[in-house]
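Peer 1: Quick one: the structure is below, and I'll ask about it shortly.
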């Protein structure tokens, strides 16, 4: 009976460590993905950047489907929204509504 305990306990510890490692890696990947998305949005918001860079950044946004609502709200007909204060206010209201539900 003790022999089983000596065998099973290290396996449980190894399994827990593996799960913990996977969760930490997933969180790190989510954060890196958010950082890349934010950098792309900054590239598109620059008024003095080269057109080719902006085209490449716009193309890269296709890979960020989880941000489709934000992308749709920021850009209208291929242009950055002009009513930024109103758009930000609306986004914040929607965020509060989402958190409450």
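The values are calculated or read from the model by the stated rules, or taken from the named source; none is laboratory data. All values derive from a computational prediction rather than experimental measurement. FYI the Cβ positions are ideal-geometry reconstructions off the backbone, even for glycines, and counts take in every protein chain you see.
Peer 1: Limited to the range 33-49, what total is found for residues that are surrounded by 10 or more Cβ atoms within 10 Å (Cβ to Cβ) and farther than 19 Å from residue 67 by Cβ?
Peer 2: Residues that pass the stated criteria total 1.
Peer 1: Going by what's in this entry, would residue 61 be described as exposed (fewer than 10 other Cβ atoms within 10 Å of the Cβ) and either modelled with pLDDT of 90 or more or touching a helix residue (DSSP H, G or I) at 6+ places or on another chain (Cβ under 7 Å) (or both)?
Peer 2: Details: exposed (fewer than 10 other Cβ atoms within 10 Å of the Cβ): no; either modelled with pLDDT of 90 or more or touching a helix residue (DSSP H, G or I) at 6+ places or on another chain (Cβ under 7 Å) (or both): yes.
In short, no.
Peer 1: Just to be sure, is residue 82 surrounded by 11 or more Cβ atoms within 10 Å (Cβ to Cβ), at pLDDT below 80 and in a loop (DSSP other than H, G, I, E, B)? Before you say what the answer is, go through the steps one by one.
Peer 2: Values: surrounded by 11 or more Cβ atoms within 10 Å (Cβ to Cβ): no; at pLDDT below 80: yes; in a loop (DSSP other than H, G, I, E, B): yes.
Answer is no for this residue.
Peer 1: Sticking with this structure for a sec: For residues in the range 21-60 being touching a strand residue (DSSP E or B) at 6+ places or on another chain (Cβ under 9 Å) and in contact (Cβ under 8 Å) with a residue 24 or more places away in the chain, which is nearest to residue 91 (Cα to Cα)?
Peer 2: 45
Peer 1: Before we move on, is residue 30 surrounded by 10 or more Cβ atoms within 10 Å (Cβ to Cβ) and at pLDDT 90 or above? Outline the logic, then answer.
Peer 2: Values: surrounded by 10 or more Cβ atoms within 10 Å (Cβ to Cβ): yes; at pLDDT 90 or above: yes.
Taking the combined requirement at face value, the residue satisfies it.
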